[in-house]
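These notes concern the structure reproduced below.
The values are calculated or read from the model by the stated rules, or taken from the named source; none is laboratory data. The model shown is predicted, which means the values in this text are computed figures rather than measured ones. Every residue, glycine as well, gets a Cβ built from its backbone with ideal geometry; the counts of neighbours run over all protein chains shown. The area values use the complete protein model at the heavy-atom level, side chains included, leaving out ligands, DNA and RNA. Shrake-Rupley method; radii C 1.70, N 1.55, O 1.52, S 1.80 Å.
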Amino acid sequence: MCFGPSIHGIICDPTYYAFLRGITLDSMFSGNDAGIPPIVHIAYQMMFAIITPALITGAFAIRVTFKAYFLFLTGWLIFVYFPFVHMTWSAGGILARWGVLDFAGGIVVHNTAGFAALAAVLFVGRRRVTAAEPHNVPLVALGTGLLWFGWYGFNAGSELRVDAVTASAFLNTDIAASFAGITWLLIEWFRHNQPKLVGLLTGSIAGLAAITPAAGYVSPGSAALIGMVASLVCFSAVALKNNRGWDDALDVWGVHGVGGLVGTVLLGIVASRSWNPSGAEGLLHGGTSFFFKQCVAVAVSGVWAFICTYAMLWLIDRITPVRVSSSVEESGLDLGLHGERAYGR
């Protein structure tokens, strides 16, 4: 449904590659002139497809029933994720043909998941018992390290070959995350008189999300700028969420959604063909129309993801309850829904 013959530039003909029809070990993926086998591209895209709705999951943790979760994941992939993959990354997609750029998922992954998370948080409501502090800071640090390492494949791998663009995307990933992490640390240090490790880790994720759409299209200096701006804006978004009382457990909207939005818009400003001839010139280099297209694309994707998610949860709630009962939430979903305990006594 993502790559192949296009239906009105919105979705691929779902029967074309159904059950890997026509794909053999000798086939080559036509969307890449370096000639990688389509089975490699399939496995790679499966990673994107599962990580995107997994981001949303972090927003409504400890509140959603397993049946509703299954229905939501399936519906969200079909009606939100697959269309935006095709529109943005497939040669026949309407946004791709228009000239919108998204190197590794600022629009397709982070913006859609972030605004879907916001819709889910508003629909499901707050947790009855909210943890006052992180469950385990060392595990937060370990998870961030694993994410950062995996992001190299996420960003650099999106070139689908090894060349100079791959190398710059790899380096830009590190630079943006590093500058964003330090920026967040300094903001909290200034505001609360204490440098916080969780802030450093959160800021680095904001930088990773923001550089994702731009990784292979900008200079290292622009990557540093993207990281710092993203950290400032995402910090403000998380503060807004806290002030409004939105219970986004892992700050998916504030970090991933807003980070993807900021990175996509800044790509429209700082993109340069001197770093990728297949890219575009940003606003600073005379690319006014490209900047406009980036803004439109990120707005449309965010609005559609929000509306579709809210409507989908409303419909699912008519079929099976979306929110768990108070007794299950208080006893824990592991025990209440699955009859298991996460930790031994």
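Just one of Leu25, Leu73 is without any contact (Cβ under 8 Å) to a residue 40 or more places away in the chain and not in a helix (DSSP H, G or I); which is it? Criteria check complete, one pass: Leu25. Restricting Ala113, Ala96 to those that are touching a His at 6+ places or on another chain (Cβ under 9 Å), more than 25 Å from Phe60 (Cα to Cα) and assigned to a helix (DSSP H, G or I) reduces the list to Ala96. Within segment 219-242, being within 30 Å of Val129 (Cβ to Cβ), more than 19 Å from the chain's Cα centre (by Cα) and at pLDDT 95 or above holds for Ala239, Leu240.
Does Ile107 count as open to solvent by 50 Å² or more (accessible area, probe 1.4 Å), outside any loop (DSSP other than H, G, I, E, B) and either within 27 Å of Val252 (Cβ to Cβ) or modelled with pLDDT of 95 or more (or both)? No; evaluated as a whole, the condition is false for this residue.
Being surrounded by fewer than 18 Cβ atoms within 10 Å (Cβ to Cβ), closer than 29 Å to Asp334 by Cβ and touching a residue at least 60 places away in the same chain (Cβ under 8 Å) is a description that does not apply to Ala68. Contact map, segment 184-198: first residue more than 14 Å from Ser231 (Cα to Cα), second residue open to solvent by 90 Å² or more (accessible area, probe 1.4 Å), Cβ cut-off under 6 Å, separation 6 or more or different chains; pairs are Pro195/Trp189. Restricting segment 241-267 to residues that are of a type in the set (Gly, Ala, Ser) and in a helix (DSSP H, G or I), the residue that is farthest from Pro53 (Cα to Cα) is Gly263. Among the residues of segment 110-146 satisfying the criterion of being among the hydroxyl-bearing types (Ser, Thr, Tyr) and modelled with pLDDT of 95 or more, which is nearest to the chain's Cα centre (by Cα)? Filtering first and then ranking leaves Thr112.
Of the residues Phe60, Phe48, Phe84, Phe79, the single one that is surrounded by 15 or more Cβ atoms within 10 Å (Cβ to Cβ), in contact with a helix residue (DSSP H, G or I) (Cβ under 6 Å, 6 or more places away or on another chain) and either closer than 30 Å to Thr24 by Cβ or among the small types (Gly, Ala, Ser) (or both) is Phe84. The listed residues are Ala271, Ala249, and the only one of them that is surrounded by 21 or more Cβ atoms within 10 Å (Cβ to Cβ), touching a residue at least 24 places away in the same chain (Cβ under 8 Å), out of contact with any Leu (no Cβ under 6 Å at 6 or more places or on another chain) and of a type outside the set (D, E, K, R) turns out to be Ala271.
Filter segment 307-340 down to the residues that are among the hydrophobic types (A, V, I, L, M, F, W, C), open to solvent by less than 60 Å² (accessible area, probe 1.4 Å) and in a helix (DSSP H, G or I), then identify the one that is farthest from Leu101 (Cα to Cα). Top of the filtered list is Val328. Thr144 fulfils the conditions (1) open to solvent by 20 Å² or more (accessible area, probe 1.4 Å); (2) of a type outside the set (A, V, I, L, M, F, W, C); (3) in contact with a helix residue (DSSP H, G or I) (Cβ under 6 Å, 6 or more places away or on another chain); (4) farther than 15 Å from Val298 by Cα except for a single criterion, (1). Kindly indicate whether any position in segment 206-218 is farther than 13 Å from His110 by Cβ, open to solvent by 10 Å² or more (accessible area, probe 1.4 Å) and either touching a residue at least 60 places away in the same chain (Cβ under 8 Å) or under 16 Å from the mean Cα position of the chain (by Cα) (or both). Checked segment 206-218: at least one residue is farther than 13 Å from His110 by Cβ, open to solvent by 10 Å² or more (accessible area, probe 1.4 Å) and either touching a residue at least 60 places away in the same chain (Cβ under 8 Å) or under 16 Å from the mean Cα position of the chain (by Cα) (or both). A search for C-beta distances below 9 Å between a residue of segment 279-301 that is basic (Lys, Arg) and any residue that is open to solvent by 50 Å² or more (accessible area, probe 1.4 Å), counting only pairs 6+ apart in sequence or on different chains, returns Lys293/Trp98.
Would you check if Gly287 is touching an Asp or Glu at 6+ places or on another chain (Cβ under 6 Å), over 17 Å from Ala117 (Cβ atoms) and among the small types (Gly, Ala, Ser)? Yes: the conditions hold for Gly287.
Can you find a residue that is over 21 Å from Phe70 (Cα atoms) and free of Cβ contacts under 8 Å to residues at least 12 places away in the same chain anywhere in segment 324-331? Yes, some residue in segment 324-331 is over 21 Å from Phe70 (Cα atoms) and free of Cβ contacts under 8 Å to residues at least 12 places away in the same chain. When Ser178 is tested against the conditions (1) more than 26 Å from Asn136 (Cβ to Cβ); (2) in a helix (DSSP H, G or I); (3) open to solvent by 20 Å² or more (accessible area, probe 1.4 Å), the lone failure is (1).
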